[in-house]
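These notes are about the structure you will find just below.
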Amino acid sequence: MRKKILIGLLVAFLLPVSVFAWGPNGHRIVAEIAWLHLTPQARKAVANILGRESMAMVANWPDFIKSDTTHQYDHTSSWHYLDFPANVDKAKFDELLAVAHGQNLYTETQAMIKDLRTPSLAKDKQVFALSFLIHLMGDMHQPLHVGRDEDMGGNKFSVMWFDKPSNLHRVWDEQLIDYQQLSYTEYTKWLDVATPAEIKTIQSGSIADWMYDSHLVSDRIYAYTQPDSKLSYRYNYIFVKDLNQQLLKGGLRLAAILNGIYQ
């Protein structure tokens with residue numbers, strides 16, 4: 001499995017960026033923040049699973065395999081998102097989650113956690129589950145991965161980004177992050193300044209709570225952004241705080257889950 005992930009990383013340089021969620025740097029930022037907040041026990045467990053590969057380097061593998069020509073991973077395509085109607089309250093959101101059966105962001109995040117809690121899980125399956133958990137926690141905090149079904153989470157929502165055709169999903173996946181012009185390690189250092197009290201607040205709650213938190217951000221995005229809008233400097237000014245908060249929350253919450261698994 002580790003060899004397959006390495007091949008996926010090499011293939012990534014040949015793929016168009018638009019296939020990724022959060023873009024490569026977004027997922028690496030989430031993973032790197034999580035790594036910095038792992039307990040010694042969790043770090044040891046993660047290192048034993050991944051070997052020489054870091055969390056940041058396996059974070060994008062679940063996107064890279066979308067281009068696997070053997071189609072052995074096609075069943076994972078629905079794992080990356082779960083769409084909702086606009087402006088639902090928490091009670092309705094929880095009700096919709098309860099009936100969201102099948103393979104989706106909510107069910108598969110929990111499935112990966114369950115697998116990693118299984119002591120007898122084979123090593124290759126541990127690598128698979130950990131790589132996907134790292135990735136899905138990033139997806140969960142990209143607001144349009146819990147966006148709206150009618151436009152496929154913003155993929156069919158056309159906008160202009162600095163006078164170039166784009167869509168709302170792509171803006172949030174990659175273009176806002178790339179606009180900051182930071183490497184994933186530089187970005188991590190910029191974001192990872194929360195106080196212990198702030199970290200405790202961010203890490204509180206359940207997966208359902210965290211998904212709703214992201215969904216509320218998606219509602220704000222939709223409320224502000226009109227189809228065919230010309231987005232540039234002002235859009236970044238308005239939403240960069242939300243962007244950064246989502247990346248930080250994703251990393252800190254991933255750390256909380258892994259620390260809980262590997263106590």
*Just checking, which of Ser166, Ser218 is in contact with a strand residue (DSSP E or B) (Cβ under 6 Å, 6 or more places away or on another chain) and over 21 Å from Ala34 (Cα atoms)?*
Ser166
*Leading residue by the ranking (surrounded by the fewest Cβ atoms within 10 Å (Cβ to Cβ)) among those in region 44-75 that are modelled with pLDDT under 95 and among the basic types (Lys, Arg)*: Arg52
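Restricting attention to region 139-165, report how many residues are small (Gly, Ala, Ser) and in contact with a Lys or Arg (Cβ under 9 Å, 6 or more places away or on another chain).
We begin by selecting, within region 139-165, every residue small (Gly, Ala, Ser); these are 147, 153-154, 158.
Right, trim to in contact with a Lys or Arg (Cβ under 9 Å, 6 or more places away or on another chain) and you get 154.
Number satisfying all stated conditions: 1.
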_If I go through region 136-154 residue by residue, how many of them are of a type outside the set (Asp, Glu), at pLDDT below 95 and out of contact with any Leu (no Cβ under 8 Å at 6 or more places or on another chain)?_
3
*asked:* Condition (residue is closer than 16 Å to Leu243 by Cβ and not in a helix (DSSP H, G or I)) applied to region 121-141: is it met by at least one residue?
replied: yes
_Can you find, within region 157-175, the residue that is surrounded by the most Cβ atoms within 10 Å (Cβ to Cβ) among those that are over 20 Å from the mean Cα position of the chain (by Cα) and under 20 Å from Lys241 (Cα atoms)?_
Trp161
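Go over the candidates Asp89, Asp74, Asp83, Asp68 one by one and state the one that is touching a helix residue (DSSP H, G or I) at 6+ places or on another chain (Cβ under 7 Å) and among the acidic types (Asp, Glu).
Working: Asp89 fails: touching a helix residue (DSSP H, G or I) at 6+ places or on another chain (Cβ under 7 Å); Asp74 fails: touching a helix residue (DSSP H, G or I) at 6+ places or on another chain (Cβ under 7 Å); Asp68 fails: touching a helix residue (DSSP H, G or I) at 6+ places or on another chain (Cβ under 7 Å).
From the options Asp89, Asp74, Asp83, Asp68, the qualifying one is Asp83.
Filter region 176-219 down to residues that are of a type in the set (S, T, N, Q) and in contact (Cβ under 8 Å) with a residue 60 or more places away in the chain and give me whichever is surrounded by the fewest Cβ atoms within 10 Å (Cβ to Cβ). Before you say what the answer is, go through the steps one by one.
Pass one, region 176-219, residues of a type in the set (S, T, N, Q): 180-181, 183, 185, 188, 195, 201, 203-204, 206, 214, 218.
Pick out the ones that are also in contact (Cβ under 8 Å) with a residue 60 or more places away in the chain and you get 180, 183, 185, 188, 214, 218.
Values: Gln180: 14, Ser183: 11, Thr185: 13, Thr188: 24, Ser214: 21, Ser218: 23.
For region 176-219, the residue satisfying everything is Ser183.
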_Residue list for region 250-263, restricted to those being touching a residue at least 12 places away in the same chain (Cβ under 8 Å) and more than 14 Å from Trp190 (Cα to Cα)_ = Gly250, Leu252, Arg253, Leu254, Ala255, Ala256, Ile257, Leu258, Asn259, Ile261, Tyr262, Gln263
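Here is a check on your reading of the model: is Leu38 hydrophobic (A, V, I, L, M, F, W, C) and more than 16 Å from Val127 (Cα to Cα)?
Judged against the criteria, Leu38 is a match.
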_Residue under question is Ile29, and the condition is that it be modelled with pLDDT of 95 or more, within 17 Å of the chain's Cα centre (by Cα), farther than 28 Å from Asp74 by Cβ and not small (Gly, Ala, Ser); does it hold?_
no
_Is it the case, given these coordinates, that Asn25 is touching a Lys or Arg at 6+ places or on another chain (Cβ under 9 Å), crowded, with 19+ Cβ neighbours inside 10 Å and polar (S, T, N, Q)?_
no
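Step by step: first the residues of region 227-263, then only those that are at pLDDT 95 or above and not in a helix (DSSP H, G or I), then the one that is surrounded by the most Cβ atoms within 10 Å (Cβ to Cβ). Which residue is that? It would help to see each step written out before you state the result.
First, pick out the residues of region 227-263 that are at pLDDT 95 or above: 227-262.
Checking which are not in a helix (DSSP H, G or I) leaves us with 227-232, 262.
Numbers: Pro227: 11, Asp228: 9, Ser229: 16, Lys230: 12, Leu231: 22, Ser232: 13, Tyr262: 19.
Applying the filter and picking the extreme gives Leu231.
For region 106-128: of the residues being among the hydrophobic types (A, V, I, L, M, F, W, C) and farther than 19 Å from Leu82 by Cβ, which is surrounded by the fewest Cβ atoms within 10 Å (Cβ to Cβ)? First the steps, then the outcome.
From region 106-128, those among the hydrophobic types (A, V, I, L, M, F, W, C) are 111-113, 116, 121-122, 127-128; that's our starting set.
If we keep only those that are farther than 19 Å from Leu82 by Cβ as well, we get 116, 121-122, 127-128.
Numbers: Leu116: 22, Leu121: 15, Ala122: 10, Val127: 20, Phe128: 22.
Checked region 106-128; the qualifying residue surrounded by the fewest Cβ atoms within 10 Å (Cβ to Cβ) is Ala122.
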_Quick check on this structure: which one of Leu182, Leu176 is modelled with pLDDT of 95 or more and either more than 24 Å from Ser54 (Cβ to Cβ) or part of a helix (DSSP H, G or I) (or both)?_
Leu176
*Between residues in region 113-135 that are more than 22 Å from His37 (Cα to Cα) and in contact (Cβ under 8 Å) with a residue 24 or more places away in the chain and residues that are assigned to a loop (DSSP other than H, G, I, E, B) and not polar (S, T, N, Q), which pairs lie under 6 Å by C-beta distance while being six or more apart or on different chains?*
Asp124/Met1
*Do we find that Ser78 is farther than 21 Å from Lys123 by Cβ and either surrounded by fewer than 20 Cβ atoms within 10 Å (Cβ to Cβ) or hydroxyl-bearing (Ser, Thr, Tyr) (or both) in this structure?*
yes
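The values are calculated or read from the model by the stated rules, or taken from the named source; none is laboratory data. Bear in mind the structure is a predicted one, so any value in this text is a computation, not a measurement. Cβ atoms come from the backbone with ideal geometry, glycine included; neighbour counts cover every protein chain shown.
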